[in-house]
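J.: This structure is in structure tokens; I'll ask about it shortly.
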Amino acid sequence: MAIRARRPLRSDAFLLLVLFLVSISCSTSEPQGFCAVGYESDCGLSSEKILIKGGTVVNAHRKEVADVYIEDGIVVSVRPNIKVGDHVKIIDATGKYVMPGGIDPHTHLEMEFMGTVTIDDFFTGQAAALAGGTTMHIDFVIPVNGNLSAGFESYMNKAKKAVMDYGFHMAITKWDEGVSKDMELMVNEHGINSFKFFMAYKGSLMIRDELLLQGLQKCKSLGAIAMVHAENGDAVAEGQKRMIDLGITGPEGHALSRPPVLEGEATARAIRLANFVNTPLYVVHVMSIDAMEEIAKARKAGQRVIGEPVASGLILDDSWLWHPDYTTAAKYVMSPPIRTSGHDKALQAALSTGVLQLVGTDHCAFNSTQKALGSEDFRKIPNGVNGIEERMHLIWDKMVESGQMTVTDYVRVTSTECAKVFNIYPRKGAILEGSDADIIILNPNASFKIAAASHHSRSDTNVYEGTKGKGKVEVTISQGRVVYEDGKLKVTPGSGRYIRMPPFGYLFDGIEKADAAYFASLNAPIQRTKSAA
Ligand code: URP
Ligand code: ZN
Ligand code: ZN
């Protein structure tokens, strides 16, 4: 089954049609909008043998001109001049880059949030990802009434229509013995090795320091990474009230109510608490210089802190929030907010110098009808922007094409580092013998243009509308199958696999030695003799 790139997946009716077509047969007749693109089986599930010839194969550690031979979804060989027999699909990659598919560490597909549900589900969101060169993502499970197991079950159901590999982080929204026990279950039985704590969204997802401390300790004992949404939720609530009192009810009030200082404060607080517990910390969506500098300081002092900027923070500035058209302005509302010009460039520099380590999207798309929920009050605008389809192109253009970043570092920040942090490297994040065949071919001389009219998200808007750039993903291979080629997507609902991520990744190496040194340094308790009265 193939989907033309120029036909956005707009409605559930369209999705049902796709599912229906997959379930009835591998029909040879092609309804409007579908076409077979040269596969042995038009269901697209057959195992393929592929030889990618003559490209520059890029891993985070080196690049070389080589061929890549793929069989049964696995990279079999990477070396020059590989000879193959018949029945092998040959792709000429001369003059192009052959790179690991992108891994997006931060997405929200079909998430219930702020009185609505994100518009992209595990089908449309992942189809969009594949069209943009991302072959795996890690989504955030939101517990059901605080219950982790119920949340996990719900997300496994949502992901039944997955078309590519995915993993899960788990949010922690309340604390009791059941949650603590369920964290063990998630790590030991369900392949989750990271938990997110929201320090903002007062009254819904926000947790207090006491819970954060408990959570950090539990994460450490399980070898799981603690992640934080770092904004001071109490101060944000005050900032919002201040704006409403001033009569500022439009989207610009969103940015004004939660300035960078509140992100910096919460980032610093989370870093210090993680230091106190001596456990690694991962700061999601780093949007400001203030937060970035706290991370830089901690890393310089030797603390294990990972900083994740997102495409929107690296590319955009907040001027859009002042746009006179509400629909245009509202689409840029996300948290922490997109900042004033200058923060974007500082984040780019931090990414290129290793102060920040990997790039996500925080893909959390809402259409203009959903965004209209806050037309009278910016506090009701569902927070979130798109990016899952655009990240690989935007980062290439902004960082590599501009000369700010090497090609190997591009692979590191878009794929390899994510695989390492979440302990699935080198299965993912590399083109090595034995790695999963999740591969993209990028033509550095071709151009891209972003538009809601041609993107694959279900949303009717795109925060990068009209953006043009250099460097185009021309082929995406997922699980060893060509799923995007010649501008056409060929995806199969249900073919996506849940990727388990084991605990105690590299960030935990040596933590126990630091603990031992700390305990040895205490010089306590002192054995005292009781003095006679
Ligand atoms: O605005 C955002 N970031 N929406 C998604 C939820 C979150 O905070 O990650
Ligand atoms: Zn967040
Ligand atoms: Zn998010």
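The values are calculated or read from the model by the stated rules, or taken from the named source; none is laboratory data. Computed from a predicted model, the values in this text were never measured in an experiment. Every residue, glycine among them, receives a Cβ derived from its backbone with ideal geometry; neighbour counts consider all protein chains shown.
J.: Being within 15 Å of Ser415 (Cβ to Cβ), within 16 Å of ligand 3 (Cβ to nearest atom) and aliphatic (A, V, I, L, M) is the filter here; which residues of region 86-116 pass it?
T.: Ile103
J.: What are the pairs with Cβ atoms under 7 angstrom where one residue, in region 139-156, is buried (at least 23 other Cβ atoms within 10 Å of the Cβ) and at pLDDT 95 or above and the other, located anywhere, is among the hydroxyl-bearing types (Ser, Thr, Tyr) and not in a helix (DSSP H, G or I)? Sequence gap at least six, or different chains.
T.: Pairs that qualify, where the first residue is buried (at least 23 other Cβ atoms within 10 Å of the Cβ) and at pLDDT 95 or above and the partner is among the hydroxyl-bearing types (Ser, Thr, Tyr) and not in a helix (DSSP H, G or I), are Asp139/Thr107; Asp139/Tyr166.
J.: While we're here: What are the residues in region 189-198 that are over 19 Å from the mean Cα position of the chain (by Cα) and either without any contact (Cβ under 8 Å) to a residue 60 or more places away in the chain or closer than 20 Å to Ala274 by Cβ (or both), if any?
T.: Within region 189-198, Glu189 is the sole residue that qualifies.
J.: Applying the selection to region 379-425, what residues are part of a helix (DSSP H, G or I) and among the acidic types (Asp, Glu)?
T.: Asp397, Glu401, Asp409, Glu417, listed by residue number.
J.: Could I ask something else about it? Within region 285-355, considering only helices (runs of 4 or more DSSP H) that don't extend past its boundaries, which have at least 3 residues that are touching a His at 6+ places or on another chain (Cβ under 7 Å) and at pLDDT below 95?
T.: Where helices (runs of 4 or more DSSP H) fall fully within region 285-355, none carries at least 3 residues being touching a His at 6+ places or on another chain (Cβ under 7 Å) and at pLDDT below 95.
J.: Hey, among the residues in region 360-378 that are in a loop (DSSP other than H, G, I, E, B) and within 16 Å of ligand 2 (Cβ to nearest atom), which one's nearest to Gly115 (Cα to Cα)?
T.: Checking each candidate, the answer is Phe366.
J.: Can we say Leu212 is buried (at least 18 other Cβ atoms within 10 Å of the Cβ), under 25 Å from the mean Cα position of the chain (by Cα) and either in a helix (DSSP H, G or I) or acidic (Asp, Glu) (or both)?
T.: Criteria met by Leu212.
J.: Given the condition within 15 Å of ligand 1 (Cβ to nearest atom), more than 26 Å from Lys468 (Cβ to Cβ) and part of a strand (DSSP E or B), answer yes or no: does some residue in region 115-130 qualify?
T.: yes
J.: Of the residues Gly125, Gly101, Gly85, which is modelled with pLDDT under 95 and either touching a strand residue (DSSP E or B) at 6+ places or on another chain (Cβ under 7 Å) or on the phi < 0 side of the Ramachandran plot (or both)?
T.: From the options Gly125, Gly101, Gly85, the qualifying one is Gly85.
J.: Since Met405 meets every condition but one in (1) surrounded by fewer than 17 Cβ atoms within 10 Å (Cβ to Cβ); (2) without any contact (Cβ under 8 Å) to a residue 60 or more places away in the chain, which condition does it not meet?
T.: Of (1) surrounded by fewer than 17 Cβ atoms within 10 Å (Cβ to Cβ); (2) without any contact (Cβ under 8 Å) to a residue 60 or more places away in the chain, only one is false for Met405: (1).
J.: Out of all the residues in region 423-462, which are β-branched (Val, Ile, Thr) and touching a Phe, Trp or Tyr at 6+ places or on another chain (Cβ under 6 Å)?
T.: Ile450
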